[in-house]
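In what follows, a single structure is set out as structure tokens and then discussed.
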Amino acid sequence: MISHKELFLLNNAQTSTSPNMLEIERAEGLYLFDKSGKSYMDLVSGFAVSNIGHRHPRVLDAIREQLDKYLHLTVYGEFVQSPMVLFAQKLLSVLPEQLNNVYFTNSGAEATEGALKLAKRYTGRSGIISCHHAYHGSTHGALSVMGNEDFKQKYRPLLPDVSFITFGRLEDLELINASTACVIMETVQGEAGIRVASADYMQKLRAKCTQTGTLLILDEIQAAFGRTGKLFAFEHYNIVPDVLLLAKALGGGMPIGAFIANRDVMGVLKENPILGHITTFGGHPVSSVAGLASLNLILEENLVKDVTAKGELFRSLLVHPLIKEVRGIGLMMCIQLDAFEQVEKVSKLCAAEGVIIDWFLHCETALRIAPPLIITEQEISTACAVILRALDSL
Ligand code: PLP
């Protein structure tokens, strides 16, 4: 009989010539289990999604309850669907008051698309500024603001009027001017290999956008919901974006994204012409109840509280002659090595020992560490011991 692995390679479109090929049967909390029952610590959280761990019982209960009511009803923005209403209400209650209007999408890339369109509509300008090594998704608009030409050149022409600055470089902020519709930036750069800018830079960025009437879009699709040690990463800098992008951990394991702005800004999408952004499934009822349950859990159990200390514990344990640097903030971290070959070997050795780590789209010489926030000190010690043993054997 043909195996699932063979079928996967044959029938499912492949996006690389060397997929991971792990076949997981079940997931719970920090752990993934394969068909043989072997467990794996998920140190990447399905790429910054499972902040509360996999299949949290409160999320499962919320989903079950919604299954008995309705699934999809109609396109976004027509019927009053209480899952979306209640989720928006809760989400906005933990955000600064300027951010008081949310548009739910299917994914992070769709949130990026919506936000770029919103900035053009609201400002009447076309200039977009993004960062080198940025990642905001893989659709055409999002690809246009990706800061890596290797992934883009074969898809050109892309969006016009997009220019790039270096994340964290103060001089580049001079490029923001009265023809710039928006600056789109990850509050903490993820796929660049976890880059953290200074508070001074982030505050000057905010000031420059305000001064030029440019919308500041902060992408926290990877960084939000406690990952950096604050509920939202912009809280580290005492600034508020004009548009906030969320996805990944937003749904507690279910697919949903959002772009959030002030009601006055978002208002341009509703007339002249109407339907400024259309989505069929955006804010799906099941994803919304899962997201609400997840956010309530993060808040009630104060899952953000220990994130900084857990990150510090990783740092104190990850000491090895081959480690050049452990970079990041909270539990959004990376281990900088010298070469991709080392990264690949360590990842494989760790997987064999039951620890899942990975690398980054724009930084293949560093290992990604982004475990569920619920990881315990004991589990951190175990995981680090496995990583160090793998490094020893290089
Ligand atoms: N923005 C950032 C910072 C991301 O890390 C990602 C995904 O990795 C995206 C946007 C795109 O999100 P999605 O894969 O849901 O389209």
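Just a few scattered comments:
- Residue count, segment 51-61 (criterion: in a loop (DSSP other than H, G, I, E, B) and open to solvent by less than 10 Å² (accessible area, probe 1.4 Å)): 3
- Test: residue in segment 135-146 that is in contact with a strand residue (DSSP E or B) (Cβ under 8 Å, 6 or more places away or on another chain), more than 16 Å from the ligand (Cβ to nearest atom) and farther than 21 Å from Trp359 by Cα: no
- The requirement of being farther than 15 Å from Met254 by Cβ, without any contact (Cβ under 8 Å) to a residue 60 or more places away in the chain and in a helix (DSSP H, G or I) is satisfied by Val85.
- Scanning segment 324-356 for residues that are away from the ligand (no atom under 16 Å from the Cβ) and assigned to a loop (DSSP other than H, G, I, E, B) gives Lys324, Leu337, Asp338, Ala339, Glu353, Gly354.
- Scan of segment 11-39 for residues that are touching a residue at least 12 places away in the same chain (Cβ under 8 Å), open to solvent by 60 Å² or more (accessible area, probe 1.4 Å) and among the charged types (D, E, K, R), ordered by number: Glu28, Lys35, Lys38
- Any hit, segment 220-234, residues being without any contact (Cβ under 8 Å) to a residue 40 or more places away in the chain, of a type outside the set (D, E, K, R) and open to solvent by 10 Å² or more (accessible area, probe 1.4 Å): no
- For segment 62-78, the criterion of being at pLDDT 95 or above, in a helix (DSSP H, G or I), aliphatic (A, V, I, L, M) and within 16 Å of the ligand (Cβ to nearest atom) is met by none of the residues.
- Options Ala261, Ala290, Ala224: the member that is assigned by TED's automatic domain parsing to the domain that holds Glu113 and in contact with a Gly (Cβ under 6 Å, 6 or more places away or on another chain): Ala290
- The condition of being open to solvent by less than 10 Å² (accessible area, probe 1.4 Å), under 18 Å from Ile129 (Cα atoms) and within 16 Å of the ligand (Cβ to nearest atom) does not hold for Leu205.
- Scanning segment 328-361 for residues that are aromatic (Phe, Trp, Tyr) and either in contact (Cβ under 8 Å) with a residue 40 or more places away in the chain or under 15 Å from Asp42 (Cβ atoms) (or both) yields one hit, Phe360.
- Filter pass, Leu95 being more than 16 Å from the ligand (Cβ to nearest atom) and either under 21 Å from the mean Cα position of the chain (by Cα) or polar (S, T, N, Q) (or both): yes
- Screening segment 240-251 for residues that are more than 12 Å from the chain's Cα centre (by Cα) and open to solvent by 10 Å² or more (accessible area, probe 1.4 Å) and picking the one that is nearest to the ligand (Cβ to nearest atom) gives Asp242.
- Where a residue in segment 129-146 is open to solvent by 10 Å² or more (accessible area, probe 1.4 Å) and at pLDDT 95 or above and its partner, wherever it lies, is among the small types (Gly, Ala, Ser) and more than 10 Å from the ligand (Cβ to nearest atom), with Cβ under 9 Å and at least six apart: His132/Gly147; His133/Gly147; His133/Gly193; Tyr135/Gly147
- Qualifying residue in segment 281-293 (condition: surrounded by fewer than 16 Cβ atoms within 10 Å (Cβ to Cβ) and either under 30 Å from Ala383 (Cβ atoms) or not β-branched (Val, Ile, Thr) (or both)): no
The values are calculated or read from the model by the stated rules, or taken from the named source; none is laboratory data. No experiment lies behind these values; they were computed from the predicted model shown. Positions of Cβ are generated from backbone atoms using ideal geometry, with glycine treated the same way; all protein chains shown enter the neighbour counts. For the accessible areas, the whole protein counts, side chains as well, though only heavy atoms, and no ligand, DNA or RNA atoms are used. Shrake-Rupley method; radii C 1.70, N 1.55, O 1.52, S 1.80 Å.
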